[in-house]
Each structure stands twice: as C-alpha cells, then as structure tokens.
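Here the structure is laid out as structure tokens; the discussion comes afterwards.
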Amino acid sequence: MGIFSKIFASGKGGEEETAAEPAAKDMFTSITLQLQGELERALQSYLRLGEEQPDDTLAPFFAASVMTAMGDVDGGAERLRDLSRLVAERGENISRAVVGALFTLLTEEPGIDVPALGETLVAFGDRLKQAGFARESAVCFEIAAGVMPEHSQVLHRLGDTLHDLGLYEYAEAVLKKSLEYAPNHWDSLYTYGVLLQDLGRLEEAIPCYERAVAINPDHVKCRNNFGAALMLSGRVEEAMEQCTRAAELDPAFPLAKVNLGNLQMLRKEYDTARSYFSEAISLDENLAPAYFGLGAVEQCCGGGVEKIRGLYARAVELSPNNPQFREALASLPAEGEAADTRLG
C-alpha cells in the first residue's frame, strides 16, 4: 500500500485488522446490479442493506455513488460526508474503511469485475469534482487507487485533485508513483510539471514540460506553462518560442497573451507588451494579470499615477490574495501627491 499510508492510517492499526463487512452475498448482488446499469434496483438494495446493518460501510458509500450517477450529485456528496463523519467516530478514515471492506468483499466474492468497479469509482469522483466537490471527489479517487494501485490514470486523477486542494506533498508522491508505472503518461507528466512549478522547483518542472510537449505538442496550456517556467528561469528566447506557439494554437487563449506581454516587458518592448495585455483583456475582462501587466507598462513608461493606480486596483480587486498586486498598488504615491512612477 506504500504511498497510500496517509489514507489507510488510523488509530486501529493496519488493514489486516479491518473487520469483515456482513452480508457479502447481498453486497455482491447489489454491486453487480450497479455495474450492469440497473441503478434504481441497486440503490434500493443499498438502502435496504444500510437499514438492516447500520455499521455497514459499503452500502452507504455505493448508495451515494448511485445517487450521483442518477443525477443527484448534491445528495450523493452529502451522503458521502455523512458516512465520513460516522467512520471518523469509529476512529478510522473513510478511504481506509471502504478499501478494507472492498478487499474483504473481493476475497469472499471474487466474481466482481474489478476493472468495471474501478471505472465506477472513478466516475463517482469525476461527477463530484465537476460539481465542485473536490474533497469528496478525492475520497473516491483514493478508494479507486486503493483498488487499482498500479493504474496510472487513476493515480493521476488522485494526484491532480490533491494538487487542486493544495496537498502538494501527497500529490507529488501519487504523481511520482503514476510515472513509475507509466513514465510517458502525459496527464501525470503535465500535472507534475504544474505542481513543481507551483512549488518554485523550476529546474525540475522544465524537464517534465519538455517530455509532455514532445508527447503532445498541440496542448496549449502545457506550451504556455512551459513558456512561463522558462521565462521565470531567465530563458527568455526559449520562453518566447513556447508562448508564441501556444498563442498560435489557440488565438483566443488569453494567458498566452499575458505571458507574451511579460516577455516583451523583459525585452523593454513596451508598446508590444501593451498590445498583448490589452488583447488579453479583450478576451477575458476579468483576467487580473493582464491589468497588472498594463499597469506595469504604464509605470515603466512614466504614465499617470491615477491610470496606473486604477489598473493595479483592478488587478487587486480580481485577485485580492496576490501579494505582488497588493504591493504594487501600495507602493504608489498617495492621491494628489506628485511623484515619478517609473519602475526601476
């Protein structure tokens, strides 16, 4: 279980101590109904089992998965949270408890189609994530990864969601394991590159992007992020090549325009930079970095302080937690106070 020690850890010891779930035959029948697409019958069966055996873990979990498959994603998420609270009261983690119960069931009822079961677990997580339930979806992906621990696409789903949740150390362990099993798994390469870039480990991120671009040269965001990493590493001409290609692949992708604007700023080509930032805003009027970039252009060119203040204030309004934006705004002279606003 290696990298899944976080989800399987509990005060009750290792997974061999997980108690067997009752009524394996009934649970086997219910899961089979679900895998065959007979969702209403499966749901009724899970609900009945849950009433008959209140300490059961699998029945309420799979009832939640069927509810999401039938369109009630909010209800499924709430049921999953309820189960998590009940399991926590027993001193366990929901992912550990469900995977332990599944292992017991699969041992007693080997006729369950494990790949189909894994796909069902992943679909459960996908529906939750698409509806904005990131933490709940991570539970489903953890459980799917516990059932299929060498499946790179499942590991990527988990690692990507953990990254979204800011659980970077755990996400890195999962993504590295995915790449051990499939070194050229594009999704994992790209997400790992983004993670490393977020952590400021640019020298490690760049090789990930290089490999990812070699596998899928037409992925716009990968090209653009690759360019951003190169730019932050001082490799301006290489960055220009990647960001230009991203903009060519999708002329309506505003973040490529922002990066091109930033690169032109480094070249001191301010008029060209202004054009790129303005174009980015025309594509997305709520793009904070574009307003910040325009403000920086005006400041470099000695523009009027009130115009600069308005651009920086808009950037802060759209992205209030960005310290660079706040510091730039705070550094401007007070209203009515004459000053040279130029940077540098």
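Kindly indicate which of Val139, Val147, Val154 is under 20 Å from Ala97 (Cα atoms), over 16 Å from the mean Cα position of the chain (by Cα) and β-branched (Val, Ile, Thr). Before you say what the answer is, go through the steps one by one.
On the way: Val139 fails: over 16 Å from the mean Cα position of the chain (by Cα); Val154 fails: over 16 Å from the mean Cα position of the chain (by Cα).
Testing whether each residue is under 20 Å from Ala97 (Cα atoms), over 16 Å from the mean Cα position of the chain (by Cα) and β-branched (Val, Ile, Thr) leaves just Val147.
When we screen Gly125, Gly166 for residues that are modelled with pLDDT of 95 or more and open to solvent by less than 10 Å² (accessible area, probe 1.4 Å), the only hit is Gly125. Among the residues of the range 236-258, write down those that are closer than 20 Å to Leu195 by Cβ and either acidic (Asp, Glu) or over 20 Å from the mean Cα position of the chain (by Cα) (or both). Ala239, Gln242, Ala246 - these are the residues of the range 236-258 that are closer than 20 Å to Leu195 by Cβ and either acidic (Asp, Glu) or over 20 Å from the mean Cα position of the chain (by Cα) (or both). For Ala290, the test of being within 26 Å of the chain's Cα centre (by Cα) and within 20 Å of His219 (Cα to Cα) is failed. Residues of the range 243-261 that are open to solvent by 50 Å² or more (accessible area, probe 1.4 Å) and under 20 Å from Ala315 (Cβ atoms): Leu255 alone. I'm told Leu106 meets every condition in (1) in a helix (DSSP H, G or I); (2) surrounded by fewer than 24 Cβ atoms within 10 Å (Cβ to Cβ); (3) in contact (Cβ under 8 Å) with a residue 60 or more places away in the chain except one. Can you identify the failing condition by its number? Condition (3) is where Leu106 drops out. Take the conditions (1) in a helix (DSSP H, G or I); (2) open to solvent by 50 Å² or more (accessible area, probe 1.4 Å); Gly76 misses just one of them, which is (2). I'm trying to understand the selection: among the residues of the range 277-293, which are part of a helix (DSSP H, G or I) and open to solvent by 20 Å² or more (accessible area, probe 1.4 Å)? Ser278, Glu279, Ile281, Ser282, Leu283, Pro289, Tyr291, Phe292, listed by residue number. Note on the range 57-73: residues that are free of Cβ contacts under 8 Å to residues at least 40 places away in the same chain and open to solvent by 10 Å² or more (accessible area, probe 1.4 Å) total 5. Give the number of residues within the range 188-213 that are over 16 Å from Asn224 (Cβ atoms) and surrounded by fewer than 20 Cβ atoms within 10 Å (Cβ to Cβ). Qualifying residue count for the region: 7.
For the range 122-146, name all the residues that are under 14 Å from Thr57 (Cβ atoms) and of a type in the set (A, V, I, L, M). Within the range 122-146, Val139, Ile143 qualify.
In the range 123-134, which residues are farther than 17 Å from His163 by Cβ and part of a helix (DSSP H, G or I)? Spell out how you get there, then give the answer.
Taking the range 123-134 first, the residues farther than 17 Å from His163 by Cβ are 123-124, 127, 131.
Scanning the range 123-134 gives Ala123, Phe124, Arg127.
For the subset of the range 299-308 comprising residues that are in contact with a helix residue (DSSP H, G or I) (Cβ under 7 Å, 6 or more places away or on another chain) and in contact (Cβ under 8 Å) with a residue 40 or more places away in the chain, which member is surrounded by the most Cβ atoms within 10 Å (Cβ to Cβ)? Per the stated criteria, the residue is Gln299.
The values are calculated or read from the model by the stated rules, or taken from the named source; none is laboratory data. Just so we're clear, the structure is a prediction, and the values are computed from it rather than from any experiment. Using ideal geometry, Cβ is built from the backbone for each residue, glycine included, and neighbour counts are taken over all protein chains shown. For accessibility, only protein heavy atoms count, side chains too; no ligands or nucleic acids. Shrake-Rupley method; radii C 1.70, N 1.55, O 1.52, S 1.80 Å.
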